[in-house]
């Protein structure tokens with residue numbers, strides 16, 4: 001997001017189109033034992049600033065593994081994961097701050113109460129077959145794209161990874 005500390009990890013790709021920006025990101029994981037939580041918080045702030053700068057120029061779509069389950073509905077076992085990477089109060093607050101900065105979680109906007117909608121399952125303990133997962137992958141859109149938002153899908157039947165694809169439909 002424009003800072004050496006973060007850019008050296010190569011986590012963001014930005015494509016500029018005539019009428020919008022498309023940003024894809026692999027957000028840092030806070031790590032086992034939360035060893036990278038402080039770094040993650042710095043990264044979140046820098047990335048938010050970067051996105052706000054782009055969104056001030058034209059509409060923006062952000063997609064990728066944002067490595068956070070924002071709400072309790074976004075993972076199977078919220079109570080047991082409050083101190084684990086991806087569901088700490090700090091990471092969830094960072095995501096809330098990103099939404100407050102003018103971005104919308106397209107899936108939750110369209111499907112606010114849909115449970116068991118996950119995009120990641122650990123390879124351990126047969127988690128995918130049991131649908132013990134997390135929603136870590138998102139399409140966020142700037143508010144000026146909401147009028148054209150048609151659908152946001154989770155392709156959980158697509159196998160081949162511990163994550164599944166997601167799809168966004170936006171009318172031009």
Only one of 44, 113 that is in contact with a helix residue (DSSP H, G or I) (Cβ under 6 Å, 6 or more places away or on another chain) and either more than 20 Å from residue 16 (Cβ to Cβ) or assigned to a helix (DSSP H, G or I) (or both)
44
Would you mind stating whether residue 127 is in a helix (DSSP H, G or I), crowded, with 16+ Cβ neighbours inside 10 Å and either touching a helix residue (DSSP H, G or I) at 6+ places or on another chain (Cβ under 8 Å) or modelled with pLDDT of 95 or more (or both)?
yes
Looking at region 59-69, can you tell me whether even one residue there is more than 12 Å from the chain's Cα centre (by Cα), modelled with pLDDT of 95 or more and not in a helix (DSSP H, G or I)?
yes
Residue 30 passes all but one of (1) more than 20 Å from residue 4 (Cα to Cα); (2) touching a helix residue (DSSP H, G or I) at 6+ places or on another chain (Cβ under 9 Å); (3) surrounded by 18 or more Cβ atoms within 10 Å (Cβ to Cβ); which number fails?
(1)
Residue 51 passes all but one of the listed conditions (1) in contact (Cβ under 8 Å) with a residue 60 or more places away in the chain; (2) assigned to a helix (DSSP H, G or I); (3) touching a strand residue (DSSP E or B) at 6+ places or on another chain (Cβ under 9 Å); the exception is number (1)
If residue 122 satisfies every condition in (1) buried (at least 20 other Cβ atoms within 10 Å of the Cβ); (2) over 15 Å from the mean Cα position of the chain (by Cα) but one, which is the exception?
(1)
What number of residues within region 79-110 satisfy the criterion of being surrounded by fewer than 19 Cβ atoms within 10 Å (Cβ to Cβ), part of a helix (DSSP H, G or I) and touching a strand residue (DSSP E or B) at 6+ places or on another chain (Cβ under 9 Å)?
4
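The values are calculated or read from the model by the stated rules, or taken from the named source; none is laboratory data. Here the structure is a predicted model, which means the values were calculated and not measured. Cβ coordinates were reconstructed from backbone atoms using ideal geometry, including for glycine residues, and neighbour counts include every protein chain displayed.
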